[in-house]
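Inspection log for the structure reproduced underneath, given as C-alpha cells.
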C-alpha cells in the first residue's frame, strides 16, 4: 500500500518502463484477499459507528465529535486508498483517465493526513482538559471546533502535491498506468522523506509530548480527575499506540526503499507490511467500541433492527423523579 505506486510493491517508474519481471500472481492473490478483508471490515465498522454518532449528533461530547471525524477520515482511507489498491491489484494496471488518476492519488493522502491529525487534535484536547482545566467551556468549545477544521485544512492542502506529481503515463507501447515522476536523482527521496516527516514523525512527536504531560498530571492529582476523563485518556493512548504499530512498518519500508538501492522491495514481506498499515482504519472504531458503554448497544440495534432492552421504562423514571422532588420539598418545609 503506497501513495507512490499503483501496485502493492513499491516499484519505480524506470522498472515499470523496462518491465523486467512479471507480476507474482500468488502474491497478488494474497494482496487481493487481505485488501478485501480490510475494505469490508473498515467500511462496515466506520460507517456503522459514524451513523450511530450522527443520529446522536445533538448530544455528542467533544470526544465523540473527534471520533466522528476520525471515522470520516478512516472511510476516506477505506474508499480512496484501500478500494483503489484492491481494484489495481485485480487489473494490474490503472484503468481510467488522467483526471481520475490525479484525484485518487490526492484523496489517498488526504485520508492519511486526516486520520493522523485527527488523532493529534484528540490528544491536544485531552491535554487541555486535563492539564488546563480552568479554561472556560465556551473557549474550549470554540477551540475544538477550530482544531477539527484545522486538521481537515491541513489534510486538504498538504495533499495538493499529489495532483501535480501523479499522472497517467505510458509505461509500455500502448500500456498506460498511474505513476509519479520525480526530478532525478533526489526527487523521490526528498518527497518520501518529507511526507514521512509531516504525516508520521512530527505528529507522533506532538502526541507523545502531550501524553507525557497528561500522564504526569493524572499521576500527581489522580483524586481530582474524573473517571470519565481518565477513561478518555486511556482510549486516546490506545488509539495512538495502534496508529504507531500499524504505520511504523509502512513508513520504515517506504524510507528504506528510497534510500537503499539494494532494498528487497519486491519481496512478500515488503508488500504485506505496506498492506497492513490500513488495519489502523479497522482498529480505530474497535478501540472506541471497547471503551464505550452505550455505543456498542446502539450499533447492535442498528445492525439487528431491534430495540435494546432497558431495565426501566419512561413511566417508572417519571414517577421516581416526582417522588424525589416531593421528598425534597417536604424536607425543605420541615427545615423551615
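The values are calculated or read from the model by the stated rules, or taken from the named source; none is laboratory data. Since this is a predicted model, take the numbers as computed values, not measurements. A quick note on method: Cβ atoms are made from the backbone with ideal geometry, for glycine too, and the neighbour counts reach across all protein chains shown.
In table form, for the structure just shown:
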read-out: Residue 298 vs. criteria under 27 Å from residue 71 (Cβ atoms) and either at pLDDT 70 or above or over 29 Å from the mean Cα position of the chain (by Cα) (or both); value: no
read-out: Qualifying residue in region 272-286 (condition: modelled with pLDDT under 85, within 27 Å of the chain's Cα centre (by Cα) and not in a helix (DSSP H, G or I)); value: no
read-out: Qualifying positions in region 163-192 - exposed (fewer than 14 other Cβ atoms within 10 Å of the Cβ), more than 17 Å from residue 258 (Cα to Cα) and modelled with pLDDT of 85 or more; value: 164
read-out: Filtered residues of region 52-83 (kept if buried (at least 16 other Cβ atoms within 10 Å of the Cβ), more than 12 Å from the chain's Cα centre (by Cα), over 16 Å from residue 235 (Cβ atoms) and without any contact (Cβ under 8 Å) to a residue 40 or more places away in the chain); value: 79, 80
read-out: Enumeration of residues in region 254-268 that are at pLDDT below 80 and out of contact with any helix residue (DSSP H, G or I) (no Cβ under 8 Å at 6 or more places or on another chain); value: 266, 267
read-out: Any hit, region 166-186, residues being in a helix (DSSP H, G or I) and free of Cβ contacts under 8 Å to residues at least 40 places away in the same chain; value: no
read-out: Those residues of region 210-268 which are within 28 Å of residue 126 (Cβ to Cβ) and more than 24 Å from the chain's Cα centre (by Cα), in sequence order; value: 216, 217, 218, 219, 220, 221, 222, 223, 224, 225, 226, 227
read-out: Test: residue in region 246-255 that is under 19 Å from residue 151 (Cβ atoms) and touching a residue at least 40 places away in the same chain (Cβ under 8 Å); value: yes
read-out: Residue 110 being under 12 Å from the mean Cα position of the chain (by Cα) and more than 21 Å from residue 286 (Cβ to Cβ); value: yes
read-out: Matching option when the condition is modelled with pLDDT of 90 or more and under 20 Å from residue 67 (Cα atoms), among 137, 113; value: 113
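Every residue, every condition in (1) surrounded by fewer than 21 Cβ atoms within 10 Å (Cβ to Cβ); (2) assigned to a helix (DSSP H, G or I), yes or no:
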{"residue": "194", "(1), (2)": "yes, yes"}
{"residue": "200", "(1), (2)": "no, yes"}
{"residue": "207", "(1), (2)": "no, yes"}
{"residue": "229", "(1), (2)": "yes, yes"}
{"residue": "250", "(1), (2)": "no, yes"}
{"residue": "255", "(1), (2)": "yes, yes"}
{"residue": "261", "(1), (2)": "yes, no"}
{"residue": "266", "(1), (2)": "yes, no"}
{"residue": "269", "(1), (2)": "yes, yes"}
